[in-house]
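Quick notes on the structure that follows.
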Amino acid sequence: MKLLRYELPLEVREQIQEKLPKSIIKKLETYGNKEALSYVSGCVIIDILNIATGYNWEFEVLDSWIRETPPTTDKKTGNPKEQPPVAHVRARITLHFIDADTGNDIAIRKESFGSKTVIGGADKQQDIFKSAQTDAIKKAASLFGIGAQLWRDKSEQDYFEEISYVDPWTDEAKAAHKEEFDYIDKLIKDKVFTKEELEDEISDFTAGQAIDVYEMEPQELTDFVKALKDSEASEVA
């Protein structure tokens with residue numbers, strides 16, 4: 001069977017690959033771990049899926065069960081130590097997109113498992129499969145790359161950003177922003193700025209993230225040019 005390759009729209013890929021802000025990343029202290037585990041809530045993952053697909057995705061629970069956990073060994077006494085059972089969920093996420101060329105529905109599926117230890121009284125255990133389901137959503141979504149940064153170290157994250165970078169300045173984008181490019185070229189031609197002074201302006205505007213117009217995002221270029229024109233107008237006034 002021939003595997004057909006479908007390329008997700010750029011805006012969808014950017015939404016999926018976007019780094020999670022530190023403000024929504026939480027820390028979980030776990031016994032035996034020197035460092036707290038990083039995680040985000042299930043609501044964050046659902047929000048990203050909703051925005052990336054325009055709410056056009058499905059979540060299915062394929063199977064669920066409770067598994068008894070074998071006893072572990074008490075490190076102090078060496079005696080067997082009973083452990084609580086664990087609830088498991090096997091689930092699937094399906095993302096739906098419309099192929100712009102054919103009009104066909106494109107379905108992309110990922111499956112994963114979620115789990116939750118069965119602890120506490122009935123008031124806690126009644127939500128045990130709900131918690132396992134949320135865990136399954138997060139793990140299945142991570143197979144698309146959503147939230148994967150939580151498991152990458154710095155070198156892995158740097159490598160991912162390098163291989164996944166997509167130049168936003170397509171021929172269409174350059175044509176759409178021709179007016180902004182012409183305005184900046186005229187500033188240089190009229191000696192309003194030297195090339196070095198323009199680089200300083202861009203660096204200040206982007207907080208040091210860029211020194212060249214092509215290093216900015218298209219919308220960022222529009223905002224930069226607007227700021228230059230507003231400054232020019234205020235000086236004239």
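A few points about this structure:
- Residues being on the phi > 0 side of the Ramachandran plot and at pLDDT 80 or above - total across region 6-37: 0
- Across region 103-137, the qualifying residues are those that are in contact with a helix residue (DSSP H, G or I) (Cβ under 7 Å, 6 or more places away or on another chain) and among the hydroxyl-bearing types (Ser, Thr, Tyr), and the one among them that is farthest from Ser38 (Cα to Cα) is Ser112.
- None of Ala100, Ala140 is hydrophobic (A, V, I, L, M, F, W, C), exposed (fewer than 11 other Cβ atoms within 10 Å of the Cβ) and out of contact with any helix residue (DSSP H, G or I) (no Cβ under 7 Å at 6 or more places or on another chain) except Ala100.
- Hits in region 188-237 - residues which are under 27 Å from Glu172 (Cα atoms) and of a type in the set (Lys, Arg): Lys189, Lys195, Lys226, Lys229
- Those residues of region 86-105 which are under 25 Å from Ser142 (Cβ atoms) and of a type in the set (Gly, Ala, Ser), in sequence order: Ala87, Ala91
- For region 165-174, a residue qualifies if it is part of a helix (DSSP H, G or I) and free of Cβ contacts under 8 Å to residues at least 12 places away in the same chain, and the qualifying residues are Asp171, Glu172, Lys174.
- Any hit, region 143-164, residues being over 24 Å from the mean Cα position of the chain (by Cα) and without any contact (Cβ under 8 Å) to a residue 40 or more places away in the chain: no
- None of His177, His96 is of a type outside the set (A, V, I, L, M, F, W, C), touching a residue at least 12 places away in the same chain (Cβ under 8 Å) and not assigned by TED's automatic domain parsing to the domain that holds Asp47 except His177.
- Within region 42-67, tally of residues that are in contact (Cβ under 8 Å) with a residue 24 or more places away in the chain and under 18 Å from the mean Cα position of the chain (by Cα): 11
The values are calculated or read from the model by the stated rules, or taken from the named source; none is laboratory data. The structure presented is a predicted model; accordingly, all values stated were derived computationally and were not measured. A quick note on method: Cβ atoms are made from the backbone with ideal geometry, for glycine too, and the neighbour counts reach across all protein chains shown.
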